[in-house]
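Participant: Let me give you the structure first, and then I'll get to my questions.
The values are calculated or read from the model by the stated rules, or taken from the named source; none is laboratory data. Quick caveat: nothing in here was measured; it's all calculated off a predicted structure. Heads up, the Cβs are rebuilt from the backbone with ideal geometry, glycines too, and the neighbour counts pull from every protein chain shown. Each accessible area value is taken on the protein alone, full model and side chains, heavy atoms only, with ligands, DNA and RNA left out. Shrake-Rupley method; radii C 1.70, N 1.55, O 1.52, S 1.80 Å.
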Amino acid sequence: MTRPAKPHEPLVTHMYTADPSAHVFEGKIYIYPSHDLDHARESNDNGDQYDMEDYHVLSLDESLSAVTDHGEALHLRDIPWAKQQLWAPDAAFKNDTYYLFFPARDQDGVFRIGVAAGKSPAGPFSPQPSYIPGSFSIDPAAFVDGDDRTYLYFGGLWGGQLEKWQGGAFRPDAEGPAATEPALGPRVAELSDDMLSFKEAAREISILDEDGKPILAGDEDRRYFEGPWMHRYNGLYYLSYSTGTTHKIVYAVSESPLGPFTFKGTILTPVIGWTTHHSIVRFRDKWYLFYHDSSLSGGADNKRCVKFAELRYDEDGAIRTIDPYPG
Ligand code: FUB
């Protein structure tokens with residue numbers, strides 16, 4: 001199915017979509033979103049309302065004026081280890097293969113990250129029999145660096161269970177740090193050459209303020225919540241993410257993909273709906289932000305729609321803040 005596409009408008013309206021991860025593959029922008037289902041669910045902090053069962057892949061034509069839904073690329077029923085909740089995915093290309101990374105709850109209700117592989121960027125993807133050993137939490141974002149190393153960034157608070165993994169083991173009753181303590185950071189692990197496992201245990205990324213001090217857990221305008229994304233611009237690494245409770249997309253920069261990162265500012269102001277989630281991609285010398293809101297459903301948190309907008313930098317490398325509802 002193909003339909004017209006315009007900046008700041010829902011890319012597709014025949015289904016609800018969220019969490020768009022965009023990449024340029026085979027000369028086009030492919031988008032890997034979550035597929036929100038059209039069912040009524042009470043919203044809670046555990047994210048039970050995000051009860052998704054499959055993934056569709058979208059692509060834009062070269063003029064970014066038409067979008068195609070390539071149909072179902074992976075379904076929960078075909079993933080042996082996963083019980084429920086296919087949340088925000090991402091994709092990467094290596095070894096002449098396309099890899100789809102995705103979080104889901106395992107049979108014990110613990111979020112893990114799986115990988116599925118295919119020969120086309122549009123799928124279908126065949127899942128591995130088990131999740132990536134040592135993976136946990138949600139929102140994987142794959143970043144292939146210039147030296148061909150691939151890093152997987154991930155982690156999300158609350159429903160995403162990141163605070164339950166302090167100390168390396170899952171503790172169901174664990175809570176996050178106190179407001180005056182350093183916030184939890186996203187996790188990163190380098191992927192093995194076959195893209196199916198971590199080369200080493202995931203490490204925590206630190207995000208610092210302008211004075212080099214850790215951003216604190218109570219600093220909800222700047223602290224990491226979920227939805228990490230990595231891109232490189234003018235030789236620097238840009239880590240962007242959602243602030244969750246304050247509903248912004250913000251960013252921090254570093255000279256290394258592993259950090260530490262220094263907080264810089266806001267990329268996207270709050271959208272309609274509770275969650276905000278994004279990706280950033282370069283296409284033909286312009287940069288684009290992909291994001292979602294709940295405008296298509298009139299504000300239902302679990303019925304979202306993906307959109308895109310051009311992203312611009314100032315001369316000093318600062319990203320100009322985007323208003324999701326311009327003029
Ligand atoms: O779509 C389910 C969850 O909502 C994602 O994993 C989070 O990033 C938030 O967008």
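Participant: Would you kindly derive the ³J(HN,Hα) couplings of segment 191-206 from the backbone phi angles with the Karplus curve 6.51 cos²θ - 1.76 cosθ + 1.60 (θ = phi - 60°), listing them in order in whole Hz, with x for Gly and Pro?
Facilitator: 7, 5, 4, 7, 6, 9, 8, 8, 6, 7, 4, 4, 10, 8, 9, 9
Participant: Given 0.36 nm per residue, what is the gain on full extension from residue 232 to residue 51 after removing their alpha carbon distance, in nm?
Facilitator: Gain in length upon complete extension: 61.9 nm.
Participant: Positive end of the dipole of segment 9-320, charges at C-beta (+1 Lys, Arg; -1 Asp, Glu), about the Cα centre: which of 12, 283, 152 has its Cα farthest in that direction?
Facilitator: With unit charges placed on the Cβ atoms, the residue in question is 283.
Participant: Assuming a ≥ b ≥ c are the square roots of the Cα gyration tensor eigenvalues, decide whether the chain counts as rounded (a/c under 1.5), prolate (otherwise, with a/b larger than b/c) or oblate.
Facilitator: Judged from the Cα gyration tensor, the chain comes out rounded (a/c under 1.5).
Participant: Can you tell which of 46, 224, 91 lies farthest toward the positive end of the dipole of the chain, using +1 and -1 charges on the Cβ of basic and acidic side chains (Lys, Arg; Asp, Glu)?
Facilitator: Projecting each Cα onto the dipole axis, the largest value belongs to 91.
Participant: Could I ask something else about it? Along the Cα-to-Cβ line of residue 9, 7 Å from the Cα, sits a label point; which residues in segment 42-67 have backbone N less than 19 Å from it?
Facilitator: Those under the cut-off are 58-67.
Participant: How high is the relative contact order of segment 1-152, given as a whole-number percent (alpha carbon pairs under 8 Å, six or more residues apart)?
Facilitator: Contact order relative to length: 18 percent.
Participant: Give the accessible surface of segment 24-97 per residue, rounded to a whole number of Å², with probe radius 1.4 Å and ligands, DNA and RNA excluded.
Facilitator: Value returned for segment 24-97: 40 Å² of accessible area per residue.
Participant: Okay, next question. From the backbone phi of segment 79-89, what are the Karplus-calculated ³J(HN,Hα) couplings (6.51 cos²θ - 1.76 cosθ + 1.60, θ = phi - 60°) in whole Hz, Gly and Pro given as x?
Facilitator: Along segment 79-89, the couplings run 9, x, 8, 9, 9, 6, 6, 7, 9, 4, x Hz.
Participant: Which residues in segment 205-233 place their backbone N less than 15 Å from a point set 7 Å from the Cα of residue 178 along the Cα-to-Cβ direction?
Facilitator: Within reach of a label on residue 178, which here means backbone N under 15 Å from a point 7 Å along Cα→Cβ, segment 205-233 contributes 216-219.
Participant: State the answer as a single residue: which of 214, 169, 110 lies farthest towards the positive end of the charge dipole of the chain, with beta carbon charges of +1 for Lys and Arg and -1 for Asp and Glu, about the Cα centre.
Facilitator: The residue sitting most towards the positive pole is 110.
Participant: Hey, any idea what % of the chain's accessible area is carbon plus sulfur with a 1.4 Å probe?
Facilitator: Carbon and sulfur atoms account for 46 percent of the accessible area of the chain.
Participant: Could I ask something else about it? Could you give the length gained by full extension between residue 245 and residue 196, i.e. 0.36 nm per residue of separation minus their alpha carbon distance, to one decimal place?
Facilitator: Taking 0.36 nm per residue and subtracting the Cα distance, the gain is 14.4 nm.
Participant: Relative to the Cα centre, what is the charge dipole magnitude of segment 9-320, using +1 at the beta carbon of each Lys and Arg, -1 at the beta carbon of each Asp and Glu, and rounding to the nearest 20 debye?
Facilitator: It comes to approximately 200 debye.
Participant: So how much slack lies between residue 166 and residue 1, counting 0.36 nm per residue of separation and subtracting their Cα-Cα distance, in nm?
Facilitator: 55.0 nm
Participant: Peptides 185-198, 165-178: what's the order by average Cβ count within 10 Å, highest mean first?
Facilitator: So the order, starting with the most tightly packed, is 185-198, 165-178.
Participant: Counting only residues 5 or more places away or on other chains, whose amide H sits under 5 Å from the amide H of residue 192 once H atoms are built in the peptide plane?
Facilitator: Amide H to amide H, under 5 Å and 5 or more residues apart or across chains, residue 192 pairs with 197, 198, 199.
Participant: Assign unit charges at the C-beta atoms only (+1 for Lys and Arg, -1 for Asp and Glu), then state the dipole size of segment 176-283 relative to its Cα centre in Debye, rounded to the nearest 20.
Facilitator: That gives segment 176-283 a dipole magnitude of about 280 debye.
Participant: Using θ = phi - 60° and the Karplus curve 6.51 cos²θ - 1.76 cosθ + 1.60, what whole-Hz ³J(HN,Hα) does each residue of segment 257-264 get, with Gly and Pro shown as x?
Facilitator: Result, rounded to whole Hz: x, 9, x, x, 9, 9, 4, 10.
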